[in-house]
Structure formats: C-alpha cells, structure tokens
Amino acid sequence: MASPDDPTQPESPDANLAVDSAPPVAPDPAAQSLSDALRVAFLLLKFVMVILVVIYLVSGTFTVDQQQAAVKLRFGKIVGEPGQRVFGPGTHLGLPLPFESRVIVTTAPQAISLNSAFFFERGVEDQTKTDDELAQEGRTGPLNPLTDGYLITGDANIVHGTFRVTYRVPQEDVETYVRTIRDPEHAQSITRTAAERGLVHAAATVEADDFIAGRARLSAATDHANRTLTGLSTGITIDRIEVIRPAMPIAARAAYNQVNNAEAERAKAIEEAERDRARTLQSAGGPAAAPRADRRDGPLTQLINAYEATPRNDPGRVELENQLNQALRQLSLETERGTFAIGGEAALIIEQAQSLRTNRAEGVTREAERFRQLNTAYEANPKLFRQRFLQAARRNFFNPDNFNETFYLPSGSEVYLEINRDPRIAKERERRQAEDLGVADR
C-alpha cells in the first residue's frame, strides 16, 4: 500500500483544492526593502557601466596643439592611408587603448648646446675667469685629448668653440621620425652627434683666424649634418649651427693678442690715412673730388686717375683730357649720379687764373688802344707829334720826382743798384707823356 507522502504517487484532486483554497501569506517588509534596494543598485550599476563604456570609447579621441603633429599606432603599427597618416593641429578620433595609441611630435624648432665637445676643460674655480685671465696665470700647458675638446682647421691649427644647434621635425617627415626615432632624448642625442661630425668637417675647410674672428661660414657643417641625418632616415632637419664662443688654445692666447693688437693699430692707421685723404681731396677739389659714403673716389678724382693711367698714345686720353678741361672751366662735373661742384683750392686757383687772364687781356687791349691813338696823332702831323714827344720825354727825364732819389748808406757798405724802375713810376711817366702829346688815356 502506497504511502500518502510518496512523491511518486499522483496528487489527488481533493488535495489541490485544499491548497488553492488556502488564504495568501503577507510579504515580509524587510525582504521587500532589500529587494527594492537591490533593484536600484543594479540600475545604478548598469548606468555607471554604460558611462564607463562611453568614457572608454571616447578615450581614443586626442588633441594636437599648434606646432605639433601626431601619428596613430594600432598594435604598434602606423595606421592610415598613405599621405593621411600624420594628423595636424585639432581634435581627432581614434580607438582606445590597447587597440590604438598616439605619438605626438613637436614640429617647432628646438635647440641644443654643444658646450664641451669642442672646448677645453675648465675647473670649478675657472668658470668665472676669462681666457685672458687664465693665460695670465700661466696655464699654457699642452691639451689633454681625454678632457679637452678641439677642432683642427684647414691651416692645421687647433681652435675651440661652443655652438648652438637649431633643429626641427618637418611636418612631412613626422612619419619617418616616428618609425626610426620617436624618443625626444634619442633625437637630441643623434642630432648632437650629427652636428659634431658636421663641425669637424666644416672646420677642416676654414682658417683659424677666420674661425676665431667669427668670419667662418658654417653652412658646410649644417649641410654635412643634414646629409648624415637623411642617410639615417631620422626625419630630423638641422636649420643652422651657430658659433657662440670661438676661442684659441690658452697656450697661444698671448701671441694671438699681440697679433690682434698689431692688426688693430694697422686698421687704425689706415682709417686715419683714409680720413686725411678725404680731407685733402675735399680741400683740393670740393664735393667732386671728395670720397663718397661708400669710400669710392669722387667723380673728379676718378677722372684724373683715369687720365693719368691712360698712355699718351692712347686715343682715349684726348677725350679724357677734353672732359677734364671742360669740368675745370665750368667748375662742375656731370655724372649719372648728378652734378658735382668743383671747389676747394682747385676752384680758387682756377678763379685766380681767370682773373689774371682777364686783367692781362684788358691791359693788352688798353695798350693797343693807346698805340692806335698815338699812331693816329702821328699820321695826322708827324712833325708836331715828334716835337711834342721829345718835349714830353725831356720833361720826364729831367723831372726830379722820377730821378732825384736820395739814399743814406752806412760807410764801408756794399751797394747793389737795380736798373729796372718801379712800374708805378714808369706808368705815371707814360701817362704824362701821353697828356703832353694830346692823347687821352682811356
């Protein structure tokens, strides 16, 4: 006989009616509160998870500032179509880590200093001292190749120097830079090495004096360094290499200063000579002869030099002589740059000569006019003219104003008498003679 509790036995319909007709049991308030709390907590957790997922997805977005460029890497490889792999300034979308990463490269010019690679070692106590002070202290020993840096110039001399290297990563070479360098410290190290090689190459093409005086051009160093960086596919370009402090070895400092002082005195003497020359030319010929602002000779000086340098049998000498004579007559010289006045002593001499020429010409004209008048009077009545002329000559000859001159001489002295008379007395005698002959002096 089966047990009423045996689960294998089918339930009776009466038993089901008994269960359905039982009254409902009221829920427990504590359990209900816990259920509600769990439901709210799960909702908040879902919301937070959604926000975290959104933040994670948005974390792939990146921003590139001005003078920067970026490249996206997907599992370590550069992604993007050729020509579109470099991102410029702005905000760009991307996948979050670990799917994609970004490498941001600075494209602005950067600078590194070469302070010890080619300079002699200075102790802590020597940092504030000048090279001259070190030379005066007698630090003239040989260089130590283990600690002292130096360059060998084209004339087989040793020089020192500090330099500044300015480099950058161009926009079009960012991809190459990321493939080969990527690390800024590595970029500085390889740029420094390339610049040092370029300086060694460039120093061998210049002379020590030009390098120390700052006259050496280091474009060869920049070109050589860029060829090295290009050969290594670094994507780095050096814009310029500047000499900050050129110097010679301390052992040669005293001798170099003596040479510098001699050169300075020589330059000073040349400058003073140039100033004296300019003053002399200005005083001799005025603006037309004085040197110009660029220290070239004035047009009159150039014309005179060209005339003197032309051989006598050269046909061009006649033309130069005509130009020079015309300029001296006009006291001015016309050139493509304008008209220059001739002044100074040349103008004064020319004016005096012209005045003397005018006076001589007027004197000759007056003498000719007087002779014509005398000739006219002679032709009108020769006998009367001769009588008057002899009377005037006799009166002038016996005139005490002309001949009676008294000299007081010490005894025993030697006297020299000059035969030629005072021209003023002779001129006055001629005037009186003309008056006696009835001829007016005009």
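The values are calculated or read from the model by the stated rules, or taken from the named source; none is laboratory data. The structure displayed is predicted, hence computed values, not measured ones. No Cβ is skipped: glycine too gets one built from the backbone with ideal geometry, and neighbour counts run over all protein chains shown. The area values use the complete protein model at the heavy-atom level, side chains included, leaving out ligands, DNA and RNA. Shrake-Rupley method; radii C 1.70, N 1.55, O 1.52, S 1.80 Å.
Listed values, structure above:
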quantity: Residue-normalised accessible area of segment 186-282, expressed per residue, 1.4 Å probe, Å²; calculated: 57 Å²
quantity: At R0 = 60 Å, FRET efficiency that the Cβ-Cβ distance of residue 63 and residue 33 yields, to 0.05; calculated: 0.80
quantity: Apportionment of accessible area to carbon and sulfur, segment 226-323, percent (1.4 Å); calculated: 51 percent
quantity: Table column - 3J(HN,Hα) (Hz), segment 304-318, Karplus curve with 6.51, -1.76, 1.60, x for Gly and Pro; calculated: 5, 4, 5, 5, 5, 7, 7, x, 5, 8, 7, x, x, 5, 5
quantity: Rounded to the nearest 10 Å², the accessible area of residue 92 at probe 1.4 Å; calculated: 40 Å²
quantity: Alpha-carbon centroid distance for the pair segment 301-330 / segment 214-244, whole angstrom; calculated: 54 Å
quantity: Fully extended contour minus Cα-Cα distance, from residue 116 to residue 267, at 0.36 nm per residue; calculated: 50.9 nm
quantity: Segment 159-221 - convex hull of alpha carbons, volume per residue in Å³; calculated: 96 Å³
quantity: Accessible surface of segment 152-192 [probe 1.4 Å, protein heavy atoms]: carbon and sulfur percent; calculated: 43 percent
quantity: Computed label-point distance, nm, for sites residue 314 and residue 91 using a 7 Å Cα→Cβ extension; calculated: 8.0 nm
quantity: From phi via Karplus (6.51, -1.76, 1.60), per-residue ³J(HN,Hα) for segment 64-77 in Hz, x at Gly/Pro; calculated: 10, 7, 5, 6, 9, 8, 9, 9, 8, 10, 10, 6, x, 10
quantity: Diffusion coefficient, µm² s⁻¹, Stokes-Einstein with Kirkwood Rh over alpha-carbon pairs of segment 235-304 at 37 °C and 0.692 mPa s; calculated: 205 µm²/s
quantity: Theoretical FRET efficiency, 1/(1+(r/R0)^6), r = Cβ-Cβ of residue 362 and residue 292, R0 30 Å, to 0.05; calculated: 0.15
quantity: Sequence of 104, 250 from largest to smallest accessible area, 1.4 Å probe; calculated: 104, 250
quantity: FRET efficiency estimate (nearest 0.05) - Cβ-Cβ, residue 53 to residue 197, R0 60 angstrom; calculated: 0.70
quantity: Order by protection proxy (mean Cβ within 10 Å, highest first), peptides 175-183, 283-291; calculated: 283-291, 175-183
